[in-house]
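In what follows, a single structure is set out as structure tokens and then discussed.
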Amino acid sequence: MSERIIDPAAKGWATSWYEASARARIDGLLDAGSFREVIGPEQRQMSPHLPLFDLPRAFDDGMIVGSGRLDGKPVLVAAQEGRFMGGAFGEVHGAKLVGLLRAALALKPDAVLILFDTGGVRLQEANAGETAIAEVMRAITKLRAAGVPVIGLIGGRAGAYGGGGLIAGTCSRLVVSEGGRISVSGPEVIETNKGAEEFDSRDRALVWRTMGGKHRRLIGGADAYADDTVAAFRQAALDQIGRAPAFDLATLEAEQARLEQRLTRFGDCRDGTEIWARLGVNDPEAVPALTTAAFDTLLASLGETTHDAR
Amino acid sequence: MTLAEIIASLFPEGHSVTVAEGLVNGEGPFRGGRLAVIGIDGDTALGVDGACRLAGYVLDVVRRGGAAPILVAIDSDSQRMSRRDELLGLNEYLAHLAKTLLLADAHGHPTVGLIYGHSAAGAFIATALATRVLVGLPGANPSVMDLPSVARVTKLPLDRLEAMAKDTPVFAPGLDNMVRTGAVQAVLDPDQPLAEQIAAVIDALPADDTRDRAGRERGGRPVAEAIAAQVVREAAFG
Amino acid sequence: MSGWGRERAARDARIEAGRAHAAGKVVTAANVVALLEAILQPGDRVCLEGDNQKQADCLARGLSQCDPARVHDLHMVQSGIVLPEHLDIFEQGIARRLDYSYSGPQGGRIARMLYGGQIELGAVHTYLELFARYFVDLTPNVALIAGVSADRDGNLYTGPNTEDTPTVVEATAFKNGVVVAQVNEIVDRVPRVDIPGDRIDFVVEADRPFYVEPLFTRDPAAMTETQILMAMMAIKGIYAEYGIRRLNHGIGFGTAAIELLLPTYAERLGLKGQIATHWALNPHPTLIPAIESGWVKQVHCFGSEVGMDRYIRERSDIFFTGADGSLRSNRAFCQTAGLYACDLFIGSTLQIDLAGHSSTVTQNRVAGFGGAPNMGSDPHGRRHPSDTWMKAGREAQATGDPALMRGRKLVVQIVETFGEGLVPAFVEQLDALELARKIGLELAPVMVYADDVTHIVTEEGIANLLLCRTADEREQAIRGVAGYTEIGRGRDRAMVERLRQRGIVRRPEDLGIEPLDADRSLLAARSIKDLVHWSGGLYEPPAKFRNW
Amino acid sequence: MEKLSFRHTTQRALAGAKAQAITGVVASGNLEVLLERALAPTECTVEIETPIRGYGEVWAAVVADFVARSQPGGLRITINDGGARPDTVSLRLLQGARLMEV
């Protein structure tokens, strides 16, 4: 009989990160009972703009922020709810994250954890969302320069798209699961603008080979690969806290070299599988189906995917 | 104003600014020192290759030391929308470009964004919005998405959106709306020499990120500042 | 020509005319139109093979490109109206009359064309009826069928999606008809002979593999708590109580949820081996966990399912497979199995009225029947007992001689009280009646008649219609599970409470089910990826269902 | 958006001491329910904002059934609806009450 990875009858289900709500992710990620929310839902700080569009609002505007402990370490946490407006950045949503990052500058937590789940900017509040993303990126670099690691966790159904992808690229470390996607333009956006010949968004396997968790981890776009469970993300976040690269000229020069080298080596590749083959993966076609254990083994054999150039 | 007019107005004594494939790079004399210029011209989309080169230019300035300010002049399309760009990790390239600008600023090279044409979405965030202060020129047209596209996505009639856009700066495209949101600090006067106006902007650089305060004062982002401030006040470890 | 061989002679003449465009039996894709124009005659009865799964699409394209001056007034007798070409030929005048069974994706267009008089409709059938009429009064002159491969003698390998092919060929080839098969490739030797070559007159090497719709794939990621609650009630309140071993499931999410609860919830209830062991069912990917956990003894299939072929090949203890190892499906036999050999059919529907009639027809769509009414009906020709069948029979029999009692098949409708866009599933009158009036159908397109339905399961509870003794009781039992729809809110609360005392209406709490326990963590698989893992990597889902 | 508001008197206070709970998310076909122990022990209010107009009677029936069943005395309940079906509303209300009883 074949390997049985999932057997709920025997093991019971671990909570899926992909399926969990933002609140459930925080609950499972942090030490039990340690989360203290700031501007909780009872304050009803909802979007002042959505009523204009006759759209429903959420009590937390899809962004939950606060403090807690991760294996005893003090951390600040922000989590996006990907099912509310696609986790998109609106005015309140963005301002809560900006505030949290500014608070971290004074509080000096062991890390700030950002639980991404976003399609990018909320169109109904586009200018506020876009500006907030710029504020977030500035705040993150300031915080990193002050020695506070900012760790992004990406494995929600909305992924980290648009400005969310840019914020992710600003973090000290990124943890991604198979379901997590990191990208600027979404498949549907590319298809709408450039046609299905450029990108067939219904070809889901292509989507994941282009922007999915395994691809991002393989090319060094993410630093750790986690199983799709809240427990695995917790462990991965813990592992990354002590390994955050500094934010200085040396790091960015190393990143410049890393990104230039990527263009030279893979700039003519048409598909993820071609890149993986050049990385030294023997059977690129088999990568999407690899289990976490097999994928970890593959990563270890390649070596070069782990770096501090971020 | 065109890029050539901008450069001429900035550097009446001459400069080394060149444009290749829509990417702007060079410098010129400025207040007894130098002003570095990078940017995007001609409504060019920003992809992995362009972002990487621009980031390299910024790092060159930082590596050279000194305190030369960096002007980021922008007339771009959005990010380049293609399979190849995303395959190669466009988010990392755009974020890297933004980080180099933020690092340069932190290293004593004041960064000033100047939007004189179009810009949108990821290209806007990675360039003009990653500077310490962003100013615009009349006629500039930053946007996240044009109204017909917004109409398509939100399934609202275009004429209703156009009516809403008149008094709702938070979602409508255009320079004025970005000013009211606080993203663009000021609009420069194209009839006066730019060198002096940019110098004045640099002299008045805010120490902190004051875009949310401006957004409240100008009515484009009514609550962001208060929300962020409340989080700063109330976040604590139990 | 005189005597008794005129049909044979006419057939020989058609084949002779077709040979001009073939090398032996083999025809290139480029010559399809010429071939069809040579062998078809005006007014022919033609079966263009297609059902809810596979399509002879290359031949459909060819037929739609024929010259209407040469090929016209055809009488199409086929299972499925699915491809645009199936209706294009009526607009072009190539075809005029239609007898069919299923029209899922073309339901809107076919309704408009029926209304506009562009189609002369014989009848909308169930699969078995149409198959039966192939042998009585709708025998095709020409059959255009699809297979995976053929050799030069015409020996045909249908592949796992055998489906309607043997039935269509049987009726055509043995009654002086001409059979044309499109295949994905011509080979020296086929893996197995599904249709002997002497029944195939022409083999077309198609320009691309024939299309198969993954109609039976339900993504567990889209399954809701409400569907899980309904599945729990069905398992505990029906499967367990009646001890249902032989069964058929529809294609909805509710029944897929039942499949995914077998190795978890039903296992905890100790029902393994007691229920759901023998199936007339397509190879549903959501059945994989139950198979892997040892719940399932045997499955016979109408067709295959995209991505399931390798898995089936490695599970020949469960599925019907050929000597070559691949699945052998057969729609006619599996429909018969569903009708006569299964004790339960459970499926979803769009509308149920106050008597219990149900229909998937909406005001502007004629979706056809497919096979659901074959399975979803009580076969009066059944003569073998089973505990399930007898128990249901006892519940239904109010009067009469117990010695002459016969059993009842369980026909269960599992529906959420509101569908997409808050459209209620319970109505005063079926849209099907209005549609029948509008387009002049003699018989309203009712999917399952009230006298066949035994139970209705909704998130509010189970209505056991077998136990109802009057039309009034039946109506209140239906209202009693119709939730917050207008029908549900219009219930006689006191009477529903009395029905509840008699076990005719049962709420989750009456079954010992806590609605808050209906959680996605009960599902044996929560994503397509989980199903792949369960299958040991043998299930290869189609691209649109992947998120890795 | 349509705003609805219901006020009920219960026979008793809801058990438990939890001050507040939230369940569900505002998404298509879903809703979020915020429950706060903020009223007199035999009072309960339910306020709803919904983008789907014209279902006031259905909401009234769902809320009344919930109150009769769970006796949520003392609760101020506020709902942001994303177009949920009545059975989903009912389920979320029950989930919310259970969270408060802890």
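The values are calculated or read from the model by the stated rules, or taken from the named source; none is laboratory data. Values in this document were obtained by computation on a predicted structure and should not be read as measured data. For neighbour counting, all protein chains shown are included, and Cβ atoms are generated from backbone atoms with ideal geometry for every residue, glycine included.
Descriptive notes on the structure:
- Strands (runs of 3 or more DSSP E) completely within the stretch C:1-110 that count 3 or more residues being over 21 Å from residue C:174 (Cβ atoms) and of a type outside the set (Ser, Thr, Tyr): C:95-102
- Of all residues making up the stretch C:1-37, the number that are over 13 Å from residue C:204 (Cβ atoms), in contact with a helix residue (DSSP H, G or I) (Cβ under 8 Å, 6 or more places away or on another chain) and either among the basic types (Lys, Arg) or at pLDDT 95 or above (or both): 4
- If the condition is being surrounded by 24 or more Cβ atoms within 10 Å (Cβ to Cβ), outside any loop (DSSP other than H, G, I, E, B) and of a type in the set (S, T, N, Q), then the stretch C:243-298 contributes C:248, C:255, C:286.
- Yes/no for residue B:51 being in contact (Cβ under 8 Å) with a residue 60 or more places away in the chain, crowded, with 17+ Cβ neighbours inside 10 Å and touching a Phe, Trp or Tyr at 6+ places or on another chain (Cβ under 6 Å): yes
- Tally, over the stretch A:225-268, of residues that are farther than 14 Å from residue A:29 by Cβ, at pLDDT 95 or above and away from chain B (no Cβ under 14 Å): 1
- Filter result (free of Cβ contacts under 8 Å to residues at least 12 places away in the same chain and at the interface with another protein chain (Cβ under 7 Å from one of its Cβ atoms)) within the stretch A:94-130: A:126, A:127
- Within the stretch D:61-91, tally of residues that are basic (Lys, Arg) and surrounded by fewer than 21 Cβ atoms within 10 Å (Cβ to Cβ): 2
- Residue A:114 being crowded, with 24+ Cβ neighbours inside 10 Å, out of contact with any Phe, Trp or Tyr (no Cβ under 7 Å at 6 or more places or on another chain), within 26 Å of residue C:527 (Cα to Cα) and β-branched (Val, Ile, Thr): yes
- Looking only at the stretch A:131-171, and only at residues there that are small (Gly, Ala, Ser), over 20 Å from residue B:51 (Cβ atoms) and within 11 Å of chain B (Cβ to nearest Cβ), the one that is surrounded by the fewest Cβ atoms within 10 Å (Cβ to Cβ): A:146
- Residue count for the stretch A:280-295 under the criterion of being surrounded by 14 or more Cβ atoms within 10 Å (Cβ to Cβ) and either more than 13 Å from chain C (Cβ to nearest Cβ) or hydroxyl-bearing (Ser, Thr, Tyr) (or both): the result is 4.
- Of everything in the stretch C:211-231 that is within 24 Å of the chain's Cα centre (by Cα) and assigned to a helix (DSSP H, G or I), the residue that is nearest to the other protein chains (Cβ to nearest Cβ) is C:221.
- Of the criteria (1) out of contact with any Ser or Thr (no Cβ under 6 Å at 6 or more places or on another chain); (2) away from chain A (no Cβ under 14 Å), which one residue C:262 fails: (2)
- Within the stretch A:56-92, the set of residues being buried (at least 24 other Cβ atoms within 10 Å of the Cβ), within 14 Å of chain D (Cβ to nearest Cβ) and among the aromatic types (Phe, Trp, Tyr) comprises A:84 only.
- Candidates C:266, C:234, filtered to the one that is without any contact (Cβ under 8 Å) to a residue 40 or more places away in the chain and over 19 Å from the mean Cα position of the chain (by Cα): C:266
- For the stretch D:60-82, the condition holds for at least one residue, the condition being that it is over 19 Å from residue C:484 (Cα atoms), touching an Asp or Glu at 6+ places or on another chain (Cβ under 6 Å) and basic (Lys, Arg).
- Whichever residue in the stretch B:47-76 is in contact with a His (Cβ under 7 Å, 6 or more places away or on another chain) and more than 9 Å from chain A (Cβ to nearest Cβ) and, among such residues, is farthest from residue B:29 (Cα to Cα): B:76
- If you check A:133, A:190, A:182 for being among the β-branched types (Val, Ile, Thr) and closer than 27 Å to residue A:231 by Cβ, only one passes: A:182.
- Residue in the stretch A:181-217 that is farthest from the other protein chains (Cβ to nearest Cβ), counting only those that are farther than 20 Å from residue B:79 by Cβ and under 15 Å from the mean Cα position of the chain (by Cα): A:217
- Scope the stretch C:111-138; condition among the β-branched types (Val, Ile, Thr) and either in a helix (DSSP H, G or I) or buried (at least 18 other Cβ atoms within 10 Å of the Cβ) (or both); matching residues: C:119, C:124, C:126
- Residues being free of Cβ contacts under 8 Å to residues at least 24 places away in the same chain and facing another protein chain (nearest Cβ under 9 Å) - total across the stretch D:62-90: 1
- For the stretch B:1-34, taking the residues that are aliphatic (A, V, I, L, M) and in contact with an Asp or Glu (Cβ under 6 Å, 6 or more places away or on another chain), the one that is nearest to residue B:197 (Cα to Cα) is identified as B:3.
- Of all the criteria given as (1) surrounded by fewer than 24 Cβ atoms within 10 Å (Cβ to Cβ); (2) within 14 Å of chain D (Cβ to nearest Cβ), the one not satisfied by residue C:441 is (2).
- Condition met for residue A:47 (within 30 Å of residue D:53 (Cβ to Cβ), of a type in the set (S, T, N, Q) and either surrounded by fewer than 19 Cβ atoms within 10 Å (Cβ to Cβ) or at pLDDT 95 or above (or both)): yes
- Answer residue from the stretch D:23-60, given it is in a helix (DSSP H, G or I) and surrounded by fewer than 17 Cβ atoms within 10 Å (Cβ to Cβ) and is farthest from the other protein chains (Cβ to nearest Cβ) among those: D:56
- Identification of helices (runs of 4 or more DSSP H) wholly contained in the stretch B:124-238 with 3 or more residues that are over 30 Å from residue A:70 (Cα atoms) yields B:147-154, B:158-167, B:175-181, B:194-203, B:211-218.
Okay, residues lined up against (1) buried (at least 24 other Cβ atoms within 10 Å of the Cβ); (2) assigned to a helix (DSSP H, G or I); (3) modelled with pLDDT of 95 or more; (4) in contact with an Asp or Glu (Cβ under 8 Å, 6 or more places away or on another chain):
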| position | (1), (2), (3), (4) |
| --- | --- |
| C:329 | yes, no, yes, yes |
| C:346 | yes, no, yes, no |
| C:383 | no, no, yes, no |
| C:389 | no, yes, yes, yes |
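- Candidates in the stretch B:55-79 are the residues that are surrounded by 24 or more Cβ atoms within 10 Å (Cβ to Cβ) and of a type outside the set (A, V, I, L, M, F, W, C); of these, the one that is farthest from residue A:188 (Cα to Cα) is B:69.
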